[in-house]
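What follows is a short report on a single structure.
Quick note: the coordinates plus some simple rules give every number you see, no bench work behind them. As the structure is a prediction and not an experimental result, all values here were calculated from the model. Cβ placement follows ideal geometry from the backbone for every residue including glycine, while neighbour counts extend to all protein chains displayed.
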Amino acid sequence: MLAAVTLVACAADDSIDPSLASRSETATAELDSTNDAPEAVSTPTSTSTTVPAAPNTTSTSTSTSTTEAPGSTILLTDNLGGETIGDPYYPDVGNTGYDVRSYDLDLKVDIEGRDTLSGVATIDVVTTAALDRLSFDLVELEVKSVTIDGTEVPHTQTDDKLRLAPPTTLEPNAEITIAVTYAGTPISMPSQTRIGPIGWFDIGSTASVAIGEPTGARTWFPVNDHPSDKATYTVTIDVAEPLIGVSNGELVRSEAANGRRTTRWEMRQPMASYLATVSIGDYALISSDPSATTGVAVEDAVAQRLATIFEGDFEQTDEMIDIFSELFGPYPFDEYGVLIVDAEFGFALETQGRSLYSESLIDGDGSIERIVAHELAHQWFGNHVSPSTWQDIWLNEGFASYAEDLWLEFGRGRDVVQLQTRLLGRASDALSPAPRDPGPEGLFAPSVYRRGGITLHALRLEVGDAVFFDILQTWLLRFGGGVASTEDFISLSEERSGNNLRGFFDAWLSDGPLPALPS
Ligand code: ARG
Ligand code: ZN
């Protein structure tokens, strides 16, 4: 589902609520000094992390494997399909020559010793141009063979790209199925974001987890690794018992045979690749009754060690789903849940339909309420409507941050003036980089979260509650299932309010002084 890429040019917290002023605030206070980490998400303490450095953290696969047939040399005049989506921060990822409809990933994973993964990725695509070649993003893993519509085709692997050569030029709008058989030891890699590595985390023989955001999906499957090409996913994972493989969406199959367990997971709504995850561990699968109000079922996958205590941290989830559904519109996926990984990487991530948490955030005392609201809110803002390019990251983080305060206001009856004082204080401490263009290193900078968040509060004061929530709901209706840009948000806000808001957004989303809040 390829969407058009729009390139945009371009302390006193305890007083609010003692019950919230615990670990998440402590973690946040620590973050404030590092100046490069999310507001609501605690940072990995680099020295104490139990996530070992990957054996190989280079992102460039230097080895070239080829099965290229004689006479199929890649000519410069060939239609390569544009071997980039054109992301301003990640110019190397993606391909505009096709639109992926679905990924079906059949994975066998062993985590005893060094992790090994062997898989078959069956990828249904529709071509968007005439193609003599096409490419996928894939890091480190070695491709054994590739077929297009059942016929084996030559392939090469260099510079983190898997390139395929169909026997004849593919017509535009052709529906084709590509099957890639691959294997290797998946790696983690630097992310450019200053927030630590991304990709595959090998956590000893107890767990493994794939962290995608922003461009880590390519460490575990061949992918058009950019949010603008969303697709549906089916992930099947075969692991040695008692371990179990968990992924996004609904568990549709779980079978044990010969000491191994195979689970199959389906995400039926379009998903950006960075929101896909797979984790192997000793998980308890725990389902709760659907919420009486919204009917959304909650299915959690929790590391056994934490299964008896985790609920204390997620008691509000149902009510949060109710409140957010009321404020933003229906919960966009078939079910929700959390994936609690027995590894101390120190943050949470809004993986679609099942947000993932490091064990270090969990202690059952409810102190991560803001984080819980934050990751849930991402299911609307970031997951249902995803950023057109990574430059639009404030559309994820600013919105999820502000949603924490909306939860406290509408779900917990907190005083909006006190919440505003907190927003202002925190934004004043994090003026730059500009949320509108934080640069690849600033992707998760505090200003993206806090200045991005207070921009929405300022918009609310500027246009009034009715228009503000109409803007949010129209945003989700109009762009849900796809991607949208900052420019789209400004245009929509102007359309729904009838106001000229260009100067307003220019000032709030810049790195200049914070404008005065509208009264
Ligand atoms: N999107 C996440 C959140 O704010 C932050 C992800 C940080 N990424 C990382 N590799 N630490 O909820
Ligand atoms: Zn976030």
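Structural remarks
- Net charge dipole, the range 422-474: roughly 180 debye, given to the nearest 20, about the Cα centre with Cβ charges of +1 for Lys and Arg and -1 for Asp and Glu.
- Remark: the range 267-275, residue by residue, has Karplus-estimated 3J(HN,Hα) of 10, 8, 9, x, 9, 6, 4, 5, 9 Hz, where x stands for each Gly or Pro and the curve is 6.51 cos²θ - 1.76 cosθ + 1.60 at θ = phi - 60°.
- For Met271, Met189, order by how many other beta-carbon atoms lie within 10 Å, fewest first: Met189, Met271
- Interchain or long-range residues, amide H under 5 Å from Arg260's placed H: Glu241
- Taking every DSSP bridge with both residues inside the range 257-386, close to 50 percent are antiparallel.
- Stokes-Einstein, applied to the Kirkwood radius of the range 306-369 over Cα pairs at a viscosity of 0.890 mPa s and 25 °C, places its translational diffusion at 196 µm² s⁻¹.
- A DSSP coil position with no more than 10 other Cβ atoms inside 10 Å describes none of the chymotrypsin sites (Phe, Trp or Tyr not before Pro) in the range 77-125.
- About its Cα centre, the dipole of the range 244-369 is roughly 820 debye, where the only charges are +1 on Lys and Arg Cβ and -1 on Asp and Glu Cβ.
- Mean sequence separation of contacting Cα pairs (under 8 Å, at least six apart), scaled by the length of the range 80-217, corresponds to a relative contact order of 23 percent.
- In the calculated pair-distance distribution of the range 442-507, the portion above 21 angstrom amounts to 23 percent of the Cα-Cα pairs.
- Counted charge near Glu487, where neighbours are those whose Cβ lies closer than 14 Å (Asp, Glu -1; Lys, Arg +1): -3
- DSSP-assigned coil residues among chymotrypsin sites (Phe, Trp or Tyr not before Pro) in the range 261-333, each with at most 13 further Cβ atoms within 10 Å: none
- Computed over Cα pairs, the Kirkwood radius of the range 246-351 leads via Stokes-Einstein (1.567 mPa s, 4 °C) to a diffusion coefficient of 86 µm² per second.
- Amide H contacts of Arg101 (H built 1.01 Å from N, in plane; Pro and chain starts excluded): Asp124, Val125, Val126 sit under 5 Å, all sequence-distant by 5 or more or on other chains.
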